[in-house]
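These notes are about the structure you will find just below.
The values are calculated or read from the model by the stated rules, or taken from the named source; none is laboratory data. Predicted model, so just to flag it, every value in this text is computed and none were measured. Note: ideal-geometry Cβ built from the backbone for every residue, glycine included; neighbour counts use all protein chains shown.
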């Protein structure tokens, strides 16, 4: 297992090869979600990006940035530093072809990198299942077509959408202010939903998750949060970030 030293410590952090879309702007937020109680990053995230696609945020773009061969090529590009695991940190790209498409991505990544592999949509599904949730509200920054495919991804696993809200954005999602994200999630929620899932690794959520869980009285699971949580779980490391519902889930046995 590839490990790198924690700054100022004898502890070692698993190195994770992270494939993100060409327009990803929240590398720092992903790193922040990995921090322990002392603010030290528990994972060493090593980023690479997909090639540029001159497309708006649409179903067409989601398909373009998630071709299994292209993602496998990105995995090979970062494999030179021998990560302990690989991650495709894109929500729409990992749900746009459904459950089978997500599995195909994981297989292509595994074949290319020879290490455990994760996707954001797979992590969101794992988080929802770990909490025993069967009914959801979803909040997305996307247009109606992508948002509908997000709901369909969960429906394939028997998880039912009770309500949703979306921003209809076609780009620059990382510029959405925290208050707008907060309002979006509040609008998405309903009494019938046991949890709210917030899509898109390019939508900032770190600063609003704790307040949303407190105000709604239910789990609020964001893409970047679940992505990091799933990898931490794999390595037997606790999650310390906002969103205490996932923090209460015991990590699996450490991988050696």
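Filtering 55, 43 for residues that are more than 22 Å from residue 107 (Cβ to Cβ), surrounded by 22 or more Cβ atoms within 10 Å (Cβ to Cβ) and either touching a helix residue (DSSP H, G or I) at 6+ places or on another chain (Cβ under 8 Å) or in the same structural domain as residue 236 (by TED's automatic domain parsing) (or both) leaves a single hit, 43. One residue stands out in region 142-160 among those that are over 21 Å from residue 204 (Cα atoms) and more than 19 Å from the chain's Cα centre (by Cα): the one that is surrounded by the fewest Cβ atoms within 10 Å (Cβ to Cβ), namely 158. Per the conditions (1) surrounded by 23 or more Cβ atoms within 10 Å (Cβ to Cβ); (2) touching a residue at least 40 places away in the same chain (Cβ under 8 Å), the sole criterion not satisfied by residue 84 is (1). Scanning region 95-108 for residues that are in contact (Cβ under 8 Å) with a residue 40 or more places away in the chain and crowded, with 17+ Cβ neighbours inside 10 Å, we see that the one that is nearest to residue 58 (Cα to Cα) is 96.
The condition (being in a helix (DSSP H, G or I), crowded, with 20+ Cβ neighbours inside 10 Å and touching a helix residue (DSSP H, G or I) at 6+ places or on another chain (Cβ under 8 Å)) is satisfied by just one residue among 127, 139: 127. Is it true that some residue in region 174-184 is in contact with a strand residue (DSSP E or B) (Cβ under 9 Å, 6 or more places away or on another chain), part of a strand (DSSP E or B) and touching a residue at least 24 places away in the same chain (Cβ under 8 Å)? Looking for residues that are in contact with a strand residue (DSSP E or B) (Cβ under 9 Å, 6 or more places away or on another chain), part of a strand (DSSP E or B) and touching a residue at least 24 places away in the same chain (Cβ under 8 Å), one finds none in region 174-184, hence no.
Residue 94 satisfies every condition listed in (1) out of contact with any strand residue (DSSP E or B) (no Cβ under 6 Å at 6 or more places or on another chain); (2) not in a loop (DSSP other than H, G, I, E, B) except (1).
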